[in-house]
Amino acid sequence: MALKHAVLAALLGDEYSGYQLTKIFDVGVSNFWYASPQQLYAELTKLESDGLIAGREVVQRGRPNKRVFTVTDTGATELAAFAATPSKPLLIRDDLAVKVHAVDRVDPAPVIEQLLERAEEAAAKLAFFEQALLLMRGDLDEETFLRQGEHVGPYLSCLAGCRLEREMRDWCRETARTLTERAAHEERTRS
């Protein structure tokens with residue numbers, strides 16, 4: 001997947017400025033794609049020059065003017081073609097998992113500390129995603145929303161983010177507990 005597809009998907013909902021798009025990526029897209037603000041602004045320029053999005057200037061009082069972008073018909077066609085292509089399996093590259101893998105040969109204390117930090121980060125992201133789900137659903141319960149609510153795609157991808165963060169939080173906590181118990185056992189055995 002290219003960044004352009006993530007940007008096109010994010011712009012489907014409405015007309016957004018580059019600043020708003022960076023916030024969307026921080027919030028709604030962060031569970032499946034990361035891009036820095038610089039990457040997003042560069043991608044917007046490229047997408048506009050390729051005719052996949054259209055930009056227009058919005059005059060603002062008391063603030064600098066801004067450009068807002070929408071997906072063009074060509075961009076929607078590109079996104080439809082992307083959606084029809086087979087997806088690649090999820091690839092994970094996580095330095096913390098490598099550290100856990102090597103924990104038999106390194107001091108486990110800093111790894112345990114990092115696991116607990118990651119668990120807290122995952123818990124915070126999970127809470128954020130759960131709140132986003134509530135906002136997307138509005139007054140509907142989840143079952144009703146999934147059957148007939150608007151913008152089910154962002155909701156479903158946010159559900160995936162919840163599950164990933166919940167699993168990461170739980171794995172980090174359990175792994176930290178296991179390593180802590182092993183270290184305590186080894187300390188008692190040596191005494």
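The values are calculated or read from the model by the stated rules, or taken from the named source; none is laboratory data. Not measured: the values here are computed from a predicted model. Cβ sites come from the backbone with ideal geometry, for glycine too, and all protein chains shown count toward neighbours.
Side notes on the structure shown:
- Exactly one residue out of V27, V71 is surrounded by fewer than 17 Cβ atoms within 10 Å (Cβ to Cβ) and either in contact with a helix residue (DSSP H, G or I) (Cβ under 8 Å, 6 or more places away or on another chain) or modelled with pLDDT of 90 or more (or both), and it is V27.
- Qualifying residue in segment 117-135 (condition: exposed (fewer than 11 other Cβ atoms within 10 Å of the Cβ), among the charged types (D, E, K, R), at pLDDT 90 or above and assigned to a helix (DSSP H, G or I)): no
- Residue match in segment 51-59 (condition: surrounded by 19 or more Cβ atoms within 10 Å (Cβ to Cβ) and either assigned by TED's automatic domain parsing to the domain that holds C162 or modelled with pLDDT under 95 (or both)): no
- If the condition is being touching a Gly at 6+ places or on another chain (Cβ under 8 Å) and of a type in the set (V, I, T), then segment 28-69 contributes I53, V68.
- Count - residues of segment 155-177 that are modelled with pLDDT of 95 or more, charged (D, E, K, R) and either buried (at least 16 other Cβ atoms within 10 Å of the Cβ) or not in a helix (DSSP H, G or I) (or both): 3
- Segment 136-154 - residue that is of a type in the set (G, A, S) and at pLDDT 90 or above and, of those, surrounded by the fewest Cβ atoms within 10 Å (Cβ to Cβ): G138
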